[in-house]
Amino acid sequence: MRDASVPAVTAPVSVLRRSALLCGALALVTSCGWGTGDDGDGSGAPPGAPTGVTAEAGSATTVHVMWNAVDGVESYEVHRGGTLVTEVAASDRMVDVTRLRPSTAYAFTVRARDADGRLGPHSREVRTTTPAAVADDSAPTRPADAHGRAAGSRAVQLTWSASTDDRGVVSYDIYQGVTKVHSVGGGQTTAVVTGLRAGTRYSFTVRARDAADNVSPAGATVRLTTSGSGDGHATAPTALRAASHRADGAYYIDLTWIPPRTDGLVTEYQIHLDGRPATSLVYGADAPRDRAEYSFYAGPEAGVTHRVRVRARLSDGTWGGLSAERKVTTGGDG
C-alpha cells in the first residue's frame, strides 16, 4: 500500500532552538552579535553513509527514525522511499515522522550533508509497518519500576515494567529531561541511550504510547551518572582570546575560540562575564567548526577589567566545560 501524502515531522526541541539568535544580558551587556567560521575549502571526500539506522512505529500514524553520528557533517536528510521528508542539524540523530497511514509499510534511509553541501550515500534501507488505527481515548498506564545503570562512560541502560492498555502499547518514548531522545517498540521494556558524556549526571523518564497516539504519564525519574571523569576539559572551547575595541562612543569585547571536538556540530554557546552567564549565542546551519568569533557591548568607560569564559551546549543537551578564563580591559590591549 503506497502513501502518496507528504508526512510531517516533529524534530527535537533542540532543533527549534537553533532557528534564531538569542540575546540575554546582564545590565552591563546590552547587545549581541554573531560569529563566523571557516567551513573549509571544499577538499576531501563527501561524508559516508550513516550507520545504525532504525525505524520503529510509534503509533498508527508515526514512525521514529534514529541513526548513528557521522563525523564532520552539517546536517542529515531523512528519506521515505524516494521522497525527502526532512533535514535536521548534525547534533540531532533522531526524528519522528508523523501523519502516516495506518497498516502501511514504509521504508526509510538517511543521508549526511557536509559543510560544503555535498551529500553522502544513502544509508541501508530500514522498513517498518504502522499498526492498524483504533478508536481509543484511553492512555496506557505509566511505566512502573523504572531503573537503570551506567553502561560505561558514554551510555546508560534503562529498564521498566510493561504498561497496560485496552488496545495495546505500541511504543515507549524515553525522555532526557523534557526532550525525547529515544523510542523502542511496545514489546520492549529496556533501552540503551548512547552519545552521553563521561562523569555526567542525567535524568530520564519513560512514557508509553498506544496506536491512537495516547501517551501515558511519565514513569518515575531515573537519575544516573556516567562513569569516567566529568571535569569538562574535553568538552570546553579552547584557545579563547579576548580583546576590546571602541566604536560609536562605547567599548566592545571581541572574543575568538576554537569549538570543542564533540559528537555533532556545536550550534550554541554561552558567554560568562565576571563569573555569571551574560549572553547566549545560537547558530543555524552555518555554525563554525574551526574558529568562532563574537563581539558584544561592554559599556562606555575605559579602563574596566572583565573576566570572560565560554562554554558550548553539546548534542546531548547538556553544557560542556567552561573554557579557560581570560581578562580584558576596555581601552587596553586585551
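Tell me, which strands (runs of 3 or more DSSP E) wholly within region 270-334 include 2 or more residues that are under 28 Å from the mean Cα position of the chain (by Cα) and under 30 Å from Ala155 (Cβ atoms)? Where strands (runs of 3 or more DSSP E) fall fully within region 270-334 and carry at least 2 residues being under 28 Å from the mean Cα position of the chain (by Cα) and under 30 Å from Ala155 (Cβ atoms), they are 276-282, 305-312. Within region 39-55, residues that are modelled with pLDDT under 90 have Cβ atoms under 7 Å from residues that are part of a loop (DSSP other than H, G, I, E, B) and aromatic (Phe, Trp, Tyr) in these pairs: Gly52/Trp67, counting only partners at least 6 apart in sequence or on another chain. Ala239 passes every criterion in (1) crowded, with 21+ Cβ neighbours inside 10 Å; (2) assigned to a strand (DSSP E or B); (3) modelled with pLDDT of 90 or more apart from (1).
When region 83-111 is limited to residues that are modelled with pLDDT of 90 or more and not in a strand (DSSP E or B), the one that is surrounded by the most Cβ atoms within 10 Å (Cβ to Cβ) turns out to be Leu100. Under the condition of being at pLDDT 90 or above and of a type in the set (Gly, Ala, Ser), the residues counted in region 155-207 number 11.
So how many residues does region 121-154 have that are acidic (Asp, Glu) and at pLDDT 95 or above?
Final tally of qualifying residues: 2.
Of all residues in region 198-220, those satisfying the criterion of being buried (at least 18 other Cβ atoms within 10 Å of the Cβ) and under 20 Å from Thr159 (Cα atoms) are Thr200, Tyr202, Phe204, Thr205, Val206, Arg207, Ala208, Arg209, Asp210, Ser216, Gly219. Applying a threshold of 6 Å to beta carbon distances and a minimum spacing of six or more residues, or different chains, the list of pairs starting in region 107-118 at a residue that is in contact (Cβ under 8 Å) with a residue 40 or more places away in the chain and under 13 Å from Val95 (Cα atoms) and ending at one that is assigned to a loop (DSSP other than H, G, I, E, B) and hydrophobic (A, V, I, L, M, F, W, C) reads Val110/Val53; Val110/Trp67. Put simply, of Asp213, Asp254, Asp173 the only residue that is among the acidic types (Asp, Glu) and in a loop (DSSP other than H, G, I, E, B) is Asp213.
Quick check: anything in region 260-268 among the hydroxyl-bearing types (Ser, Thr, Tyr) and in contact with a strand residue (DSSP E or B) (Cβ under 8 Å, 6 or more places away or on another chain)? Taking every residue of region 260-268 in turn, at least one turns out to be among the hydroxyl-bearing types (Ser, Thr, Tyr) and in contact with a strand residue (DSSP E or B) (Cβ under 8 Å, 6 or more places away or on another chain). Count of region 68-81 residues, restricted to those that are surrounded by fewer than 17 Cβ atoms within 10 Å (Cβ to Cβ) and either within 19 Å of His182 (Cα to Cα) or modelled with pLDDT of 90 or more (or both), is 2.
The values are calculated or read from the model by the stated rules, or taken from the named source; none is laboratory data. These figures come from a predicted structure and were not determined experimentally. Don't worry about glycine lacking a Cβ; one is built from the backbone with ideal geometry, like all the others, and counts go over all protein chains shown.
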